[in-house]
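The values are calculated or read from the model by the stated rules, or taken from the named source; none is laboratory data. Predicted model, so just to flag it, every value in this text is computed and none were measured. Every residue, glycine as well, gets a Cβ built from its backbone with ideal geometry; the counts of neighbours run over all protein chains shown. In case anyone asks, the SASA skips ligands and DNA or RNA and just uses the protein heavy atoms, side chains included. Shrake-Rupley method; radii C 1.70, N 1.55, O 1.52, S 1.80 Å.
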Amino acid sequence: MVADAPGLARRYRERTARKAFLVFLVGAALLGSFIADIMTGPSNLPFLTVVETLINPSGADAQTRLIVIALRLPVALMALLVGAMLGVAGAEM
């Protein structure tokens, strides 16, 4: 059993790295869908405009700030929270 310890440690590190990579991918997909949710609507906003408005709201014009911060951001955050809660409820069952 002791002779196989290096092999076990290597497999453990590989599995841990794979899990970390999957968590990164899921996080990137979540962030992408969050930005896409804010971008889409009757007034389609460009990606960079949405990101700049989220990072620096005072630097955006009043109309864009109103659309992104006051209208679309609360709805996107609520969708994110409800999805997380449904996931936790499903995992508990």
Heavy-atom accessible area per residue, the chain, 1.4 Å probe: how many Å²?
-> 77 Å²
Highest to lowest packing among 33-46, 79-92, scored as the average C-beta count within 10 Å | 33-46, 79-92
Report P(r) for the stretch 29-75: all Cα-Cα distances, bin width 10 Å, range 0 to the bin holding the largest distance, values in whole percent.
-> 29, 63, 8
Using only alpha carbon positions, build the gyration tensor of the chain, then give the equivalent ellipsoid semi-axes as the square roots of 5 times its eigenvalues, largest first, whole angstrom.
-> 41, 17, 9
Counted charge near Ile35, where neighbours are those whose Cβ lies closer than 13 Å (Asp, Glu -1; Lys, Arg +1) = -1
Going through the DSSP H helices of the chain, which span 30 Å or more along their own axis at the Cα atoms while scoring at least -0.5 as a mean Kyte-Doolittle hydropathy?
-> 5-39
Compare the peptides 61-68, 11-18 by average per-residue count of other Cβ atoms within 10 angstrom and give them in order, highest first.
-> 61-68, 11-18
